[in-house]
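The values are calculated or read from the model by the stated rules, or taken from the named source; none is laboratory data. Since we're looking at a predicted model, the values are computed, not measured. All Cβ positions, even for glycine, are placed from backbone atoms using ideal geometry, and neighbour counts span all protein chains on display.
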Amino acid sequence: MTVPDTTADHPRPWPAIPPVDLDLVRRTERFFDGASLTKPGVQVEAVIPVHWGVDQGLVAVHSDGSVATRPLGEHPAPELLNLSAARSLFAEGLDYRSVPTAEPTTQSIERGFLEMGRQVPPVVRALNARQAALTGEQEVVDRFTAEVMGLWSGWREPVATALLGNWADPLNGGGELSPAALAELRSEAGTIHRQLTPIWRRKTSRARLLLLDTPLGNNSTLYDLLAAAPAPDDPADTLEDERLLLILRDLHPAERQVVLALAHPGVTTWKDAAAFAGATTAFGERVRRKVRKLAGPRRSVPATGSEK
């Protein structure tokens, strides 16, 4: 039995084509008219409408990763500017890609780059995150923190605060922002993170600071120990063993604190000494090996962390 062909009677419907923003098209044309080639060898990879509060609401994205409020490199063929308002409506056949909107969002900008088969440039993501920090879109800031900055959730506030700093000023002042600005952003986030870290969680000379109410056992605290026997400026000055003095003076301050911790009541192992000095177990083991080496074969130093 032959099945009749009904394709001719039921042609494929045309897709609903989104309206073209003619004002955006004209603005894009003017954007290129005012361009100047000031970066030989650099290509303009895309022109995109943005919501970052820049002049004209358009920026050019260049092959070196920078963005600018005017095209600064060589112009490719119009059909390669997938994100410009003048791009072709159709990708192939009856499929089409959406026309950029005059009211862009972080999502529409990132989606446009993915449609081109490209990752969103880090500078573009940073400027999107800056705008998100201004409008309280914390999810965008969190994704930027994790995926671009490589930091964890504990950096949410430092990164959000740094994004609102002056690292992006060159875009509005000089009309261009290069990937180097991200180093300034990262440095500012690091400074803010340190400022927000409670003093008892900070480290000095790779050792963590201890609060005076740190328990030492037997219902005593570090405050009780200091009150009972105030430490001299250099504890090594009170030692009489010349060989021990020489060993201590060959150690860094943080290493010396681990060794001196062995003299405190309740500290019976190198592991305990490291914890008492606010260092890690691995650091305590490293100090033990160094002391053993400095002491030489004639001085007995524990080979394991099980005894002094």
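Side notes on the structure shown:
- Any pair with Cβ under 7 angstrom, 6 or more apart, that starts in region 138-154 at a residue that is over 12 Å from Ala126 (Cα atoms) and ends at one that is of a type outside the set (A, V, I, L, M, F, W, C) and part of a loop (DSSP other than H, G, I, E, B): none
- The set of residues in region 158-173 that are in contact with a helix residue (DSSP H, G or I) (Cβ under 7 Å, 6 or more places away or on another chain) and either exposed (fewer than 15 other Cβ atoms within 10 Å of the Cβ) or closer than 23 Å to Asp142 by Cβ (or both) comprises Pro158, Val159, Ala160, Thr161, Ala162, Leu163, Leu164, Gly165, Trp167, Ala168.
- For region 59-80, filtered to residues that are surrounded by fewer than 23 Cβ atoms within 10 Å (Cβ to Cβ) and aliphatic (A, V, I, L, M), the residue that is modelled with the lowest pLDDT is Leu80.
- Taking the criterion of being over 16 Å from Asp169 (Cα atoms) and in contact (Cβ under 8 Å) with a residue 40 or more places away in the chain, the residues of region 58-75 that qualify are Val61, Asp64, Gly65, Pro71, Leu72, His75.
- In this structure, Ala227 does not qualify as outside any loop (DSSP other than H, G, I, E, B), modelled with pLDDT of 95 or more and small (Gly, Ala, Ser).
- Extreme residue, surrounded by the fewest Cβ atoms within 10 Å (Cβ to Cβ), among residues of region 174-197 that are polar (S, T, N, Q) and in a helix (DSSP H, G or I): Gln195
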